[in-house]
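Trainee: Structure below; questions to follow.
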Amino acid sequence: MPHFRIEYSRDVEARHDIGEAVKNAFAAGVKTGEMTADALKVRATPYDHHMMNVDGGSFVHMTVYLLEGRTVEQKDKIGNILLESLTESFSTVTSVSIDFRDMEAAAYKKRVL
């Protein structure tokens, strides 16, 4: 925990290195000082079908899942650093956005080997 889920329109793959963007997002998360490399997970999922009110519009959206308890100021700091990383990684993408989701600590379960 935390988890970064990057969703993007499939056409982005033709112009940008998704693997490199995942690495950059991971590094940016650690750079915030609000999470550790041992806890962070980043994944990316393409979408073949999407619709935007912009002809030929492409998108990248990151959802940041954090255990509850971060302040608005912490989320703002994290969001600014991540948006900078995404903007650099996806310089030609029409829409780049980030959203946060708080996860209840009591509801989050995991198993690690």
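Just so you know, all these numbers are worked out from the coordinates, no wet-lab data involved. Everything numeric in this text was worked out from a predicted model, so none of it was measured. Cβ atoms come from the backbone with ideal geometry, glycine included; neighbour counts cover every protein chain shown.
Trainee: Only residues that are touching a residue at least 40 places away in the same chain (Cβ under 8 Å), under 16 Å from Ala44 (Cβ atoms) and among the acidic types (Asp, Glu): list them for the stretch 77-103, please.
Mentor: Glu88
Trainee: Would it be correct to say that Thr45 is surrounded by fewer than 13 Cβ atoms within 10 Å (Cβ to Cβ), free of Cβ contacts under 8 Å to residues at least 60 places away in the same chain, among the hydroxyl-bearing types (Ser, Thr, Tyr) and in contact with a strand residue (DSSP E or B) (Cβ under 6 Å, 6 or more places away or on another chain)?
Mentor: yes
Trainee: I'd like to know if the stretch 8-15 contains one or more residues that are touching a residue at least 40 places away in the same chain (Cβ under 8 Å), surrounded by 14 or more Cβ atoms within 10 Å (Cβ to Cβ) and assigned to a strand (DSSP E or B).
Mentor: First, the residues of the stretch 8-15 that are touching a residue at least 40 places away in the same chain (Cβ under 8 Å): 8-9, 11-12, 15.
In the following step, the residues that additionally are surrounded by 14 or more Cβ atoms within 10 Å (Cβ to Cβ) were identified as 8-9, 11-12.
Cutting the leftovers down to assigned to a strand (DSSP E or B) gives us 8-9.
Within the stretch 8-15, one or more residues are touching a residue at least 40 places away in the same chain (Cβ under 8 Å), surrounded by 14 or more Cβ atoms within 10 Å (Cβ to Cβ) and assigned to a strand (DSSP E or B).
Trainee: To continue, here is another question. Keeping to the stretch 50-64, report how many residues are surrounded by fewer than 16 Cβ atoms within 10 Å (Cβ to Cβ) and under 21 Å from Val30 (Cβ atoms).
Mentor: The total comes to 1.
Trainee: Any idea which residue in the stretch 19-42 is surrounded by the fewest Cβ atoms within 10 Å (Cβ to Cβ), counting only those that are under 12 Å from Leu82 (Cβ atoms) and in contact (Cβ under 8 Å) with a residue 60 or more places away in the chain?
Mentor: Filtering first and then ranking leaves Asn24.
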